[in-house]
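Everything on this sheet refers to the single structure shown next.
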Amino acid sequence: MLFYFALASFIALRFWKWYTSTRGQNPLPPGPPSLPILGHALVMPRKDQAGVFLDWSKRYGDVVHVEALGQSIIILGSHEAAYDLLEKRSVIYSDRPRFPTFELPRTTFTPTLHGNAIVKLLSHYIAYGHRVASANDPYPKIAERVTEILFGAGTPGLNSVDILPIQVRPEQEELQRGAFKKVQNEMATGTARHSFLSKHLEEYISSGKQDDEHLERLSLAAYHMHGVGFETTWSTVESFIFHIMRFPEIQKRVHEELDRVLGGRLPDYADRDSLPYLECVIQESERWHTVVPLGVPHRVMEDDIYRGMLIPKGSVVISNIQSITHDKRVYRDPETFLPERFLPKPQGFGEPIPDYNFGYGRRVCPGRYLADASIWIVAASLLTVFEICPKKDKDGLEVMPPLEYNTSLTSHPKMFQCQFNLRSEKMRATIESLA
């Protein structure tokens, strides 16, 4: 009986929302055809959501409305629309839907980075001061398991992890609590390395406060820096390797620039402004196939009117980054990998660098500077030392892997093989001297 009452209530609510939405003075944004009761539940894509939403933007415009399971969703398909709403009107668009597995305290920090490290180790070291000494280290394995569950689940709010977060909690608990306790013990014995967590724990201890809630937020901040930063940063580097391997002439030009500027030494952050073509290649890799194709959803906190259309209160607002970075009004021939597009005229086309990969408005990614710096130093170091080529078959012929990606919340190339060939014996000696 209770089930039938709940079902009848749901149907009545859906009908009322549909009925009232057709009678308002301001229409909802256009979108695909819907049913009075089910809305768009039957047409919502289960795979390649960014690609389907891109097609909808081409058909219905850069502001699209759909409704699924009683939830109003606004899809923004252009930088103009995303900037107008999420930046200019950030006061009412700064909220986000509640996702149980992605609740990240917004801790403000501006890290200072030193040295040349592989990105898979950076997140462990920066968050906890933990050095990964071997392939059997438990923390990377736990982190990979957590990110495999979280990022393989799909779009936040519409996946099984948010419905049943218990499936990931054992791994979360082991990583979050275990690593936090480890740093506390190291601080007690005077052996803790400098890290995000140790720095903020020192400040907490110095303040003389006794606030368990603050410690919990700090523990979660370090955990998310470690887990989420690991996945998105590594996916971006993995995509860069996948892309640069496919374009040997572009890679050759990067090598020439690196050799001319560095003279055989390893790069440092101070070299970044002197390597403009490398910068363009990294940015084009991120534009050509963005790692977070749908960004992170926002939520509008009150009714809003945009271009004469109603944006209903409580709507989930998605900025389709894949659509934005392939907008033909902004990027000529957007399906072509063309690093020169970012060079100033007349050397290039002077097209805008897609810095919106890190999000919009007050909810922009807080780790964007860390991620950007990590990606750059890894890409610069790899191409200084190696030539990245497709793996050869038994006959000595290069086998180029297909251009295929695994996509959920993040997107990265399907498993592929490649070869890292040392560019010179001098580089071998340089690497061995650092071991």
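None of the figures in this text is laboratory data; all of them are computed from the coordinates on show. In this text the structure is predicted, and so the values were computed from the model without any measurement. No Cβ is skipped: glycine too gets one built from the backbone with ideal geometry, and neighbour counts run over all protein chains shown.
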Label model pair residue 432, residue 217: point-to-point distance (7 angstrom along the Cα→beta-carbon line) in nm is 5.2 nm
Non-local residues with an amide H under 5 Å from the amide H of residue 418, with H modelled 1.01 Å from N and Pro and chain starts lacking one, are 391
Of 372-378, 335-341, ordering from highest average Cβ density within 10 Å down gives 372-378, 335-341
Under the Karplus relation with 6.51, -1.76 and 1.60 and θ = phi - 60°, whole-Hz ³J(HN,Hα) for region 59-75, x at Gly and Pro, equal 8, 10, x, 7, 10, 10, 10, 9, 9, 9, 6, x, 9, 6, 10, 10, 10
Note, region 414-431: 3J(HN,Hα) by Karplus (6.51, -1.76, 1.60, θ = phi - 60°), whole Hz, Gly/Pro = x, goes 5, 3, 9, 10, 8, 10, 9, 9, 4, 7, 6, 5, 4, 5, 4, 5, 4, 5
Sorted by chain and number, the residues with a modelled amide H under 5 Å from that of residue 294, at a separation of 5 or more or across chains, are 321
Expected vector for region 79-84, Karplus 3J(HN,Hα) from phi with 6.51, -1.76, 1.60 and θ = phi - 60°, integer Hz, x for Gly and Pro, equals 5, 4, 5, 5, 5, 4
Residue separation between residue 42 and residue 398 times 0.36 nm, minus their alpha-carbon distance, gives in nm 123.8 nm
The long-range amide H neighbours of residue 299, using H built 1.01 Å from N in the peptide plane and a cut-off of under 5 Å, are 95, 96, 317
Loop-resident trypsin sites (Lys or Arg not before Pro) in region 246-319 with no more than 13 other Cβ atoms inside 10 Å, DSSP not H/G/I/E/B, are 265, 307, 313
Excluding residues fewer than 8 positions from residue 181 in its own chain, the aspartates and glutamates with Cα under 18 Å of it are 137, 171, 173, 202, 203, 211, 212, 213, 216
In this structure, the FRET efficiency calculated for residue 415 and residue 181 from their beta-carbon separation, with R0 = 25 Å, to the nearest 0.05, is 0.10
Filtering trypsin sites (Lys or Arg not before Pro) in region 374-435 by DSSP loop and by at most 15 other Cβ atoms within 10 Å leaves 391, 394, 414
Across the alpha-carbon set of region 260-393, Rg over Rh with Rh taken as the Kirkwood radius works out to 1.06
